[in-house]
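Colleague: Got a structure for you, questions after.
The values are calculated or read from the model by the stated rules, or taken from the named source; none is laboratory data. These numbers were taken from a predicted model, which means no experiment stands behind them. Don't worry about glycine lacking a Cβ; one is built from the backbone with ideal geometry, like all the others, and counts go over all protein chains shown. Ligands, DNA and RNA are stripped out before the accessible areas are found, and what is left, the full protein with its side chains, is counted by its heavy atoms. Shrake-Rupley method; radii C 1.70, N 1.55, O 1.52, S 1.80 Å.
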Amino acid sequence: MPWKITKEDIRFISLGARILSCGGGGNTRSMEALILSVMKDDDVIEVIPIHVVRDDWWVTAIGIMGSTVLFNEDLPTGEEMEIGLSLYEKEYNKNVDALISIEIGGVNALAPLLLALKRRLPVIDGDGMGRAFPELYMTTLHLNGIPLAPLSLVTQDNMKFIPSSYTSDQAVHEAKSFANNNGGHSHVVGYGASGDEIKTSMLSGTLYLAYRLGKIITSYGDGIIRLKQIKNAFENSIYGELSLVIKGYVTEVSRWFENEVIVGKLFIESYTKQHNQKIEIQFMNEFFTIHNGESIYRVPDLIVFLHIDSLEPISVVDIQRAQSVIVLVIPAPNILHTTDMLTLIHMKESYQLLKKEEDQ
Amino acid sequence: MRLGIDVGGTNTDAVIIDDSGNIKAWSKQLTTSNLGETIYETAKIVLNEANVKPESMKGVFLGTTHVLNELYYPKNLAKTALIRLTKKPSKIKPGLFWPSHLSKYIIKEFHLETKYDFTRQIPHYDEIDHESVFKMIKELEKAKVESVCIVGAFSSFYEDEENNLKKVIASHMPSLSVTVSNEIGSIGFLDRENASLLNSMLSFVMKDALSSINDIFKNLGLHCPYWITQNDGSLMKVEEAIKLPIFTIGSGITNSLRGASKLTGLKNFIGIDVGGSTIDIGMVSHGHPQTEEGPVKVLDIPVNVRLPKVHSLSTGGGNLVNTHNGDLLIEDTIASDITKDGLAWGGELWTISDSFLKIFPHSFKDKHIKYENLEGISTEDCLKVVNTVSSRIREKIRQLQPKDQYVPLVLVGGGSPLLLNNIFTKFDKAIQPVGYQICNAVGACYAPLSSSLDKVFWLNDRTKEEIVEREKERVITELIHKGAKPETIKINRVEEFPFDYLKGEMFRLKIMAFGDL
């Protein structure tokens, strides 16, 4: 069913996207503020579900890459994405018919919406990650052979076009160095493909799911009922069956550096005494693994922290001792579990990181 | 000898403590709308009662929740103009996530182009574009703006541009108060802008409350230095508090926790302050009340200032109880003066205190309480109230208790006798120190001096260690300059944060140090 995003829906999508971000994906506040500032009360953004996407459309993915800390200091003007898309269309000599989010987890869920509004383009209900991953290439689009380039990059005072002759690896390298040299972050238009190709490589229905999740969380009603509704929302999606790992409070958080990245672990103790359960969770950019005695959950499955009363998602940056939380695990869509995808997201290296810590 | 004064929403307390830490005298007065007068009266009474010479006083320490109350119930906020110093104007509107009773005070918005580009490291800063500034000043005058807030992108890297603009505006409009965001918070534009705007709006509040403080203390014969306590529990000068009122909004609970530490001699405990409208629960470790910074919210407004880490339950002694369709409700509204309005005192309002008194008579040693007034409310309902309140408190305590060692509970605040020996017993290691009613004023007396830094540095051919050492020295020098005894200075924390995508070339450094007067 095609649907239309209204101004009121923006905060639901923003909130839901933070759930799917698994604690990472950056702060959505600037982007949410930008859209709310620009959008008029009667404006709508058209959302196209997978079965309505036309095969002959040309679709590009939209996102923001780089340091979220710097992005939150460097207020976007609100023009960047339009400039980026115009550059893309001009240099590549191709008109874009629809947009899709690179990453549904976090700020990038909102990234295509403003552009869609201003250019009157539809947004496809889906994305390239199904959650948040730390790198631009960790997408199912890349996995399915959609090249990242041509790619247009735009910051407040610079722009760059990377032509289709660049391989995806080269394009990633160029994009990173452009971001590094231009304030640490950049708006990105890339992963162009036909509607036909996008349909077979995207994760479908994630935008609607984000909206649903946000709406449920902000609805009145007691926690148990809302939690049940969250479970139902996931059941009607491409994700696996949600399980509640623990309801408890954070007893300890520690953070340290590993290869110039902040990593950390935390412990949660259960409320219910009979189980006397205590679990350990590790995190990097996102919540990463759960050790729960006999069972282990890990990326790419979604590890989600919610505040125990409000059910608002909590990020790896914000998690603190003595917070009361609900931890959920939602099995990732099957495609994220394929060997190729696990290689793409460096699960091997990540295991090593884990091991190193255990040796300490 | 020290004089501590705590100006709360309902009561103002004063206490005199001698050099060995004994309480010589204390007094409690209702807070009136004239803050200066209230402070004068309360201080006068306590000085008379202690029978000490004002000359023997080494310092006056003032804590207040006045500024926070002003945000809830504005009476004296300034009409504020925002000036954003960014490369290009952003379409993001200021005050977006604010309650309307506050956002309406943002009456003007300007954009000036920044000359600073942090990626080039060296500012291309010639001089201010005087023409645009003049034009802006004309508009400020026309709009009868009462306060100005300057927020520059990356001002935590480079503060000169904000400060220079402030100077220019001040030279044209000397009576206007100007907030610069580099004095308020660190990286994170919108949160810093929010905090700076709030600070700007609060310009009159501290000024009006404290401008007469000089004369008040002079009239009392007090010629010693005096200080205001801030969010992290440390001291600031009155001039600073007038300039940076946002830093005082959380000082009440911090003072209370520090007071609890002094009154009990404990360094590690969970403090429970039972007040009229809230029960605040916080943690003291190694003698310092714990604080947190970002993401914190003040009235739902995200800000990046340091605030005490407290869990506030809206079940204070004065909260009203009602039955609605058979359900028992604890309301957010409170009795403004429980000793007049509470049922037990002959009033008309059923409060949480009344419910406790029904179940646990004689908790308060107050001869004005008439227990027959409580006959109209059902024991069953009161028991429900008591159980609800106590289970909420117990839940919070359970979460805060460190796992390795059980720390005691310290009950303070006027309402705390309701809990002691009723809900919390010796078994919980619950303590209610003598002076529990004036704990905030006691805590203010012992507030330390602090100096902190939260800035972003480029390495520029220096090592990280060099920068950290240099900045540590700077923080310590500043503390000594403020009047701290060098031997008491302790660096409380040093934290480094790298920036991903800008590998190792720059880092954010946070240093916090405390020292005693």
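Colleague: Counting only Cα atoms, I'd like the Rg/Rh figure for the stretch A:122-233, Kirkwood definition for Rh.
Modeller: Rg/Rh: 1.10.
Colleague: Follow-up. Dividing the alpha-carbon Rg of the stretch B:41-92 by 2.2 N^0.38 Å yields what?
Modeller: Taking N as the residue count of the stretch B:41-92, the ratio is 2.19.
Colleague: Averaged across A:72-82, how many Cβ atoms of other chains sit within 10 Å of each residue's Cβ atom?
Modeller: 6
Colleague: Now for a different question. Any idea what log10 I(q)/I(0) is at q = 0.15, 0.18 Å⁻¹ for the stretch B:114-262, Debye with uniform C-alpha scatterers and no solvent?
Modeller: Per q value, in the given order, log10 I(q)/I(0) is -0.90, -1.14.
Colleague: Follow-up. I want to make sure I understand the PRE zone here: with the label point 7 angstrom from the Cα of B:N214 toward its beta carbon, which residues in the stretch B:132-173 have backbone N atoms less than 11 Å away?
Modeller: none
Colleague: Per residue of the stretch B:109-115, what does 6.51 cos²θ - 1.76 cosθ + 1.60 with θ = phi - 60° give for ³J(HN,Hα)? Whole Hz please, x for Gly and Pro, Karplus curve as stated.
Modeller: So the Karplus estimates, Gly and Pro as x, are 9, 10, 10, 10, 7, 7, 9 Hz.
Colleague: Can I ask one more? Give me Rg/Rg_expected for the stretch B:26-149, where Rg uses Cα atoms only and Rg_expected = 2.2 N^0.38 Å with N residues.
Modeller: Cα Rg divided by the expected 2.2 N^0.38 Å: 1.66.
Colleague: Let me ask something else about it. Over the alpha carbons of the stretch A:98-166, what is the largest minus smallest coordinate on each principal axis, giving the biggest first in Å?
Modeller: Reported extents, whole Å, longest axis first: 29, 29, 21.
Colleague: Taking 0.36 nm per residue of separation and subtracting the Cα-Cα distance, what length does fully extending B:W458 through B:S378 add?
Modeller: Here the segment from B:W458 to B:S378 would lengthen by 22.1 nm.
Colleague: Given the alpha-carbon gyration tensor of the stretch B:395-496, what are the semi-axes of its equivalent ellipsoid in whole angstrom, ordered largest first, with each equal to the square root of 5 times an eigenvalue?
Modeller: 41, 19, 11
Colleague: Next question, about the same structure. Test of the criteria: in the stretch A:85-166, which trypsin sites (Lys or Arg not before Pro) are in a DSSP loop and have at most 15 other Cβ atoms within 10 angstrom of their Cβ?
Modeller: Taking the stretch A:85-166 and a limit of 15 other Cβ atoms within 10 Å, the loop trypsin sites (Lys or Arg not before Pro) found are A:K94, A:R120.
Colleague: Let me ask something additional. Relative contact order for chain B: what is it in percent, counting Cα pairs under 8 Å that are at least 6 residues apart?
Modeller: Numbers: 1066 pairs, mean separation 70.8, N = 517.
Answer for chain B is 14 percent.
Colleague: Using only the C-alpha atoms of the stretch A:3-204, find the volume of their convex hull and express it per residue in Å³.
Modeller: Given the Cα convex hull of the stretch A:3-204, per-residue volume reads 100 Å³.
Colleague: Tell me the Rg and the Dmax, in Å, that the Cα atoms of chain A produce.
Modeller: 19.7, 65
Colleague: In the stretch B:378-449, what chymotrypsin sites (Phe, Trp or Tyr not before Pro) fall in a loop by DSSP, with at most 11 other Cβ atoms inside 10 Å?
Modeller: Answer by residue number: B:Y406.
Colleague: With solvent modelled as a 1.4 Å probe, how much accessible area in total do chains A and B shield from it at their shared surface, in Å² to the nearest 100?
Modeller: It comes to approximately 3900 Å² buried between A and B.
Colleague: With a bin width of 5 angstrom, please list the P(r) values of the stretch B:80-201 as percents of all Cα-Cα pairs, from the 0 bin to the one holding the largest distance.
Modeller: Once binned at 5 Å, the Cα pair distances of the stretch B:80-201 give 2, 11, 23, 26, 21, 12, 4, 1, 0.
Colleague: Give the average, rounded to an integer, of partner chain Cβ atoms located within 10 angstrom of each Cβ in A:29-37.
Modeller: 5
Colleague: Something else now. On alpha carbon coordinates alone, what is the Rg over Rh value for the stretch B:449-515, Rh being the Kirkwood radius?
Modeller: Details: Rg = 13.0 Å, Rh = 12.4 Å.
Rg divided by Rh gives 1.04.
Colleague: Sticking with this structure for a sec: Got a sec? Which residues of the stretch A:225-271 lose 40 Å² or more of accessible surface with every protein chain in place, vs. that chain alone, 1.4 Å probe?
Modeller: A:Y249, A:F257, A:E260, A:Y271
Colleague: Please state, as a whole number in µm²/s, the translational diffusion coefficient that the Stokes-Einstein equation yields for chain B at 20 °C and 1.002 mPa s, with Rh defined as the Kirkwood radius across alpha carbon pairs.
Modeller: Here the translational diffusion coefficient equals 87 µm²/s.
Colleague: Taking all pairs of different Cα atoms in the stretch B:184-230, averaging 1/r and flipping that mean, what Kirkwood radius in angstroms comes out?
Modeller: With all distinct Cα pairs of the stretch B:184-230 included, I get 13.0 Å.
Colleague: Next up: Pick from A:Y220, A:Y166, A:Y249 the residue whose mean-square fluctuation is largest in a GNM of chain A, springs joining Cα atoms under 10 Å.
Modeller: Checking each option, the largest mean-square fluctuation is seen for A:Y220.
Colleague: Moving on to the next point. Output the Kirkwood hydrodynamic radius of the stretch B:265-445, Cα pairs only, in Å rounded to one decimal.
Modeller: Answer for the stretch B:265-445: a Kirkwood hydrodynamic radius of 17.3 Å.
Colleague: Give me the percent of Cα-Cα pairs in the stretch A:222-358 that sit more than 26 Å apart, rounded to a whole number.
Modeller: 23
Colleague: Would you mind giving the average projected area, over all directions, of the Cα convex hull of the protein assembly as shown in nm² with one decimal?
Modeller: Its average projected convex-hull area is 38.3 nm².
Colleague: Sticking with this one: Roughly how far apart, in whole Å, are the Cα centres of the stretch A:114-168 and the stretch B:241-313?
Modeller: Taking the Cα centre of the stretch B:241-313 as reference, the centre of the stretch A:114-168 is 45 Å away.
Colleague: Using only the Cα atoms, work out Rg/Rh for the stretch A:183-303, with Rh taken as the Kirkwood radius, to two decimals.
Modeller: Reported Rg/Rh, Kirkwood definition of Rh: 1.04.
Colleague: Sequence gap at least 6, Cα distance under 8 Å: using those rules, report the relative contact order of the stretch A:222-358 to the nearest whole percent.
Modeller: 24
Colleague: Based solely on its DSSP helices, what 222 nm [θ] is calculated for chain B when runs of n ≥ 4 H residues each add -39,500 (n - 2.57) and the sum is averaged over all residues, nearest 500 deg cm²/dmol?
Modeller: Details: 15 runs with 161 residues, N = 517.
One gets -9500 deg cm²/dmol as the mean residue ellipticity at 222 nm.
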